[in-house]
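Student: First the structure, then my questions, so here it is.
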Amino acid sequence: MGNIQTRIESSSWPSDNRRRENRPSWNLESGTWNLELGTWNLKMKKYTNLELKQKSIHLRKALLKYIKLANAGHTGGDLSCIDILNVLYNDVLNVSPETVNDPNRDRYIQSKGHAVEALYVVLADAGFFPMSELETLCKYQSKYVGHPTRKVKGIEFNTGALGHGLPISAGLALAAKKDGAPYRVFTMLGDGELAEGSNWEAAMMAAHYKLDNLVAILDHNTLQITGRNVEVCSPHPIAEKWLAFGWNVIEVNGHDFEQLREVLNAAPAVPRKPTFVLANTVKGKGISFMEDVKKWHHGVPSDEEYEKALTELDAQLAR
Amino acid sequence: MKITDQLIKGKANLEVYSETLIELGQADRNIMAVTSDSRGSGKLTPFADKLPEQLVEVGIAEQNLVGVAAGLAAAGKKVFATSPSCFLATRSLEQIKNDVAYSNYPVNLVGISAGVSYGALGSTHHSLHDVAVLRAINNIVVVVPADNFEAREAVKAAAASDKPFFLKFGKKNMPHLHTADEKFEIGKASIIVEGTDVAFIACGETVAPAFEAAQKLNEQGISARVISMHTIKPLDTETILKAARECKTVITVEEHSVNGGLGEACASTILEAGISVPFKRVGLPDEETVAGSQAEIFNHYGISGEGLARTARTCINKIQT
């Protein structure tokens, strides 16, 4: 483990030079953009796509480090959704460590709670808590347990049982509508999770209430713990189902920063319709021997595999 | 109350819930009722008519009901998620456990037409398990009001609290067991009438039959204490232990399975305190519940003035022999 520690300490973390930005919001009543400056006091750096890409590599290295230290984690799903989380917290969400209690902050609810290591490293990188605290991941009496909890700064709900994020997010989005509040609600679901019936209860209801401030992102890596979605219990056709439920549906490459930024920043994209972002991803993305291999659902790399993974990621950084 | 007082019929606790929620909702626009096609059975049609913006209908979808309620609560709403108790406490149990209790958002879950209120509709519509499952969930207050006064006070307490609540209401018109100027405190049982031979520890719609039993026993020279244990979690262990020390026998009464409910909660409290007292649980036994109206089911299982008086006499006779 000493070897691992050295590798991690020597890896440089991108410095955080954020700047203020005012974000316009869509006013449903008037059908116009609300450009009132000063209502949004964001401290958000505008990263280039290349910078985000580099950040994702650092984030991948970090989540592997903490999974290795904890000897536990959902490696494959973390790696498939980390680019989406990176874009959300570094380019889209109007939330920062300073605004975690602001009633008008954007909300993110991670429905696929098992990919918590990805969320933890993204939050730590965004300054919600020191990255080093993740050394206690899954350890006795740590608040960093293996699924999101509100004990961790920046996390809104205790999730991990599947099929919970969308109903909760629909409730939050409905509250925003009731209050005329400008915030948006994002949630991320796994594709295996689509079998949970509660998602479809919420899908119906979100369309009924015209919750255009709600965005559900599907981390569609096509694998779940037992194998391919299509073999376990096919969720297909996915886009058609959400369209039929009355949602605005957009398909993106879940590892393409340009596409993710454009689509996620567009929310609310279509007035009076919630948006479903079908993000095609690769489980284990970024590590050649983990990509699209089901055993990495909650596989922990051996020392040798860990070194190999870091070497690959460092090579990507150098490119 | 005095043991000789005549019971005067009031309204259904559900109706009191609805009236109280309208009052609270008019004063505070953040009060919201969320229903699963249950506004009629929840007596919430007047609420919907008066405060349409404060009622959210999610359709027949109890999991979504509780998830949405938790989301609304997280955004600062004071939510009363209202659904028949038979569905709410089990269909939505994981949402109650994770989205409400574990995530610690102050949703008030209102189980309506509880127990065997839907008597003749059969076991699909009975909720004889709600208290048992919720007792095992950390961070939720469980209240089963006995009469209109307790119902009203419980709704007010839930609205004012920052803790998750589960409130259980039946459909039957309940007699008044309190005067309006009495004190009500969550977690503190109400002594309806004092006595020393028998202690009836009851909750919800079984408190009135326990009082009727106490009246019958009084005529026979047996002094019965009647306790309304309206809060089942957190449990008023002090009042339970006092009854176990001062009375010759303790009888628990509940419109619930005898497994996992008020009776077992009292039994473990008494046993852990090292008190040995003749003890009897009255409730619904572990069998397919008999068909009939709520009153017929109550009679069948001895949850009536006569039935409970008989049980009390049996317990006392056992002690004497």
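Taken together, the values in this text are just the output of simple stated rules run on the coordinates, not laboratory data. Note that the coordinates shown come from a computational prediction; the quantities given were computed from them, not determined experimentally. FYI the Cβ positions are ideal-geometry reconstructions off the backbone, even for glycines, and counts take in every protein chain you see.
Student: How many angstrom lie between the Cα centre of segment A:177-199 and the Cα centre of segment B:46-103?
Tutor: That distance is 16 Å.
Student: Now for a separate question. Counting only other chains, and only Cβ atoms inside 10 Å, what mean value do you get across the residues of B:71-83?
Tutor: Working: counts 18, 8, 4, 10, 13, 4, 6, 0, 2, 0, 1, 0, 0.
Whole-number average of other-chain Cβ neighbours for B:71-83 is 5.
Student: Go through B:Ser123, B:Ser38, B:Pro145 and say which Cα lies farthest out towards the positive end of the charge dipole of chain B; charges sit on Cβ, +1 for Lys and Arg, -1 for Asp and Glu.
Tutor: It is B:Pro145, whose Cα lies furthest towards the positive end.
Student: Continuing with the same structure: Working from Cα positions, state the angle (0 to 90°, nearest 10) between the long axis of helix B:207-219 and the longest principal axis of chain B.
Tutor: 20
Student: Got the relative contact order for chain B handy, in percent, Cα pairs under 8 Å and 6 or more residues apart?
Tutor: Working: 727 pairs, mean separation 55.1, N = 321.
Reported relative contact order: 17 percent.
Student: Given chain B, what percent of its DSSP beta bridges are antiparallel, to the nearest 5?
Tutor: Working: 9 of 44 bridges.
Here the antiparallel bridges make up roughly 20 percent for chain B.
Student: Which net charge results for the neighbourhood of A:Ala118, defined as the other residues with beta-carbon distances under 15 angstrom from its beta-carbon, given Lys and Arg at +1 and Asp and Glu at -1?
Tutor: Charge balance in the 15 Å sphere: +3.
Student: Helix-only mean residue ellipticity at 222 nm, chain A, DSSP H runs n ≥ 4 weighted -39,500 (n - 2.57), per residue, nearest 500. What is it?
Tutor: Using -39500 (n - 2.57) per qualifying helix, the result is -11500 deg cm²/dmol.
Student: Among the listed pairs A:Lys178/B:Lys78; B:Lys78/B:Lys172; A:Lys151/B:Lys163; A:Lys46/A:Lys283, give every one whose C-alpha distance is greater than 21 Å. Mind dumping the intermediate values first?
Tutor: Values: A:Lys178/B:Lys78 13 Å; B:Lys78/B:Lys172 27 Å; A:Lys151/B:Lys163 17 Å; A:Lys46/A:Lys283 28 Å.
Too far apart for the 21 Å limit: B:Lys78/B:Lys172; A:Lys46/A:Lys283.
Student: Quantify how strongly other chains surround peptide A:159-168 by giving the mean number of their Cβ atoms within 10 Å of each of its Cβ atoms. Intermediate results must be reported in sequence, preceding the final value.
Tutor: Details: counts 4, 2, 6, 1, 5, 9, 3, 4, 14, 15.
Rounded to a whole number, the mean comes out at 6.
Student: A further question on this structure: Check every DSSP H run in chain A and write down those whose alpha carbon atoms cover 27 angstrom or more along the long axis and whose mean Kyte-Doolittle hydropathy is -1.0 or greater.
Tutor: Qualifying helices: A:49-70.
Student: Compute the acute angle (0 to 90°) between the alpha-carbon long axis of helix B:62-74 and the principal axis of greatest extent of the alpha-carbon atoms of chain B; round to the nearest 10°.
Tutor: Once rounded, the angle reads 70 degrees.
Student: Still on this structure, I have one more. Just the Cα atoms of segment B:9-175, one point each, no solvent: what log10 I(q)/I(0) does Debye give at q = 0.20 Å⁻¹?
Tutor: -1.36
Student: Rounded if a/c is under 1.5, else prolate if a/b beats b/c, else oblate: with a ≥ b ≥ c from the C-alpha gyration tensor eigenvalues square-rooted, which is segment B:242-321?
Tutor: Oblate.
Student: How many angstrom lie between the C-alpha centres of segment A:119-167 and segment B:237-266?
Tutor: Using only Cα atoms to place each centre, the spacing works out to 41 Å.
Student: Under the Kirkwood approximation for Rh and a Cα-based Rg, what ratio Rg/Rh is obtained for chain B?
Tutor: So for chain B, dividing Rg by the Kirkwood Rh gives 0.97.
Student: Using only Cα atoms and rounding to the nearest 10 degrees, what angle (0 to 90) does helix B:237-246 make with the longest principal axis of chain B?
Tutor: Between the helix axis and the principal axis of chain B, the angle is about 10 degrees.
Student: So if I take the centroid of the Cα atoms in segment B:6-23 and the same for segment A:221-236, what is the distance between those two points in Å?
Tutor: Cα centres, segment B:6-23 to segment A:221-236: 52 Å.
Student: Related question: Could you work out [θ]222 nm for chain B from helices alone, using -39500 (n - 2.57) per DSSP H run of at least four and dividing by all its residues? Round to the nearest 500 deg cm²/dmol.
Tutor: My calculation for chain B gives -11000 deg cm²/dmol from helical runs alone.
Student: For segment A:132-181, just list the percent of Cα-Cα distances falling in each 5 Å bin from zero outward, please.
Tutor: 5, 19, 20, 19, 14, 11, 8, 5, 1
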